[in-house]
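J.: Take a look at the following structure, please.
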Amino acid sequence: MTKAEILKKEILRQHRSVRQFALEMGIPYSTLVTALERGIEGMAYGTVIKMCDKLSLNPVDFSSLERDTSLGAQLLENRVMQYYVKLNQSGRDKVLVLMDDFTQIDKYKVKGKKRKVDEV
């Protein structure tokens, strides 16, 4: 399935029509239809990113993102993990200890919604 096909499928799953989605995004309907038929490679990168964010799709491979995670949060998590995997075991252990310490301090705790975190 091409990226354009994935995008169209997700648009129709989440919205009443492609036209409605185009209106919500502020994209000319004809531009969106052309991109979905011929491929999105010619679309502005920023537009594709905004559409992926609206549809909760990863802009790299168009896989579904968790519904309760914004694209920005997902990208931040990926950035943190990119730094983490560059560390040796001693560095990884130190980061985990620091993170555990910070989660015990009210000043650094997330207010409101609790996130479930898998233990390492």
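J.: In region 3-27, which residues are touching a helix residue (DSSP H, G or I) at 6+ places or on another chain (Cβ under 7 Å) and not hydrophobic (A, V, I, L, M, F, W, C)?
T.: Matches in region 3-27: LYS3, LYS8, GLU10, GLN14, HIS15, ARG19.
J.: Then there is this: Just name the residue that is modelled with the highest pLDDT out of those in region 35-93 that are polar (S, T, N, Q) and touching a helix residue (DSSP H, G or I) at 6+ places or on another chain (Cβ under 9 Å).
T.: The residue in question is THR47.
The values are calculated or read from the model by the stated rules, or taken from the named source; none is laboratory data. Treat the numbers as computed from the prediction; the structure is a model and nothing was measured. All Cβ positions, even for glycine, are placed from backbone atoms using ideal geometry, and neighbour counts span all protein chains on display.
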